[in-house]
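Here is the structure we will look at.
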């Protein structure tokens, strides 16, 4: 399984493309460049068509590229939790405040459609000969979700190598700590089976969980 990171521009968050060698379809996690230029160039280079777009939470620095991709690939299915689907119309533009000067006045954004509410299919999604598993971990945002594929953990903004950002309107530091504990619990189970867990955060480089466990996270 190949996992390729693309840095979303303007917002500087991570998008991930997941595919098998020789296959023509892929899954995309958190596309957040408005017109996805770098992502589209990579898909063209690899001759890939998105089968799924998976969202770790509703913030625009993880979703901004969804609508444009759907205009180009209308059969692609957008997948998230019910909590994320509920929050998308309300919060998805919040992260765009950092680049307002490059957008039209009163610009608003929300994801146009969700195709699969993962709660209704027992929080798992078949992909090739594998399964994506979805674990709600509210803390950074109310809809924050850990997405796993074997020993690859896509944590969104719930586990980063710098102090956490918490939506204090709806979440709390204690909720974030509980989210980290849940990640640790799942990571330890996975390590017993596979020997390591790779963390793919929403910002920053991937890392081996055994070299940076949740005990390293600083709230200062």
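Each value in this text was obtained by applying a stated rule to the coordinates, not by laboratory testing. Being a predicted model, the structure only gives us computed values, none of them experimental. Backbone-built Cβ (ideal geometry, glycine too); neighbour counts: all protein chains shown.
Values as computed for the structure displayed
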item	result
Sites residue 25 and residue 170 - FRET efficiency at Förster radius 45 Å, r taken between beta-carbons, to 0.05	0.80
Segment residue 131-residue 218, extension gain: residue separation times 0.36 nm, minus the distance between their alpha carbons	28.1 nm
Highest to lowest packing among 142-148, 54-60, scored as the average C-beta count within 10 Å	54-60, 142-148
Relative contact order (%) - the chain, alpha-carbon pairs under 8 angstrom, separation at least six	15
Computed over the chain, Cα set: Rg, Dmax in Å	16.4, 52
FRET efficiency for residue 3 and residue 121, using Cβ-Cβ distance with R0 set to 22 Å, rounded to 0.05	0.45
Burial ranking of peptide ranges 62-68, 211-217 (average Cβ count within 10 Å, highest at the top)	62-68, 211-217
Relative contact order of the stretch 113-198, defined on C-alpha pairs under 8 angstrom at six or more residues apart (%)	23
Contact order normalised by residue count of the stretch 1-49, Cα under 8 Å, 6+ apart, percent	32
Between the stretch 116-131 and the stretch 20-48, the alpha-carbon center distance in angstrom	20
Stokes-Einstein D (µm²/s) once Rh is taken as the Kirkwood radius of the stretch 130-212 over alpha-carbon pairs, at 25 °C in 0.890 mPa s	193
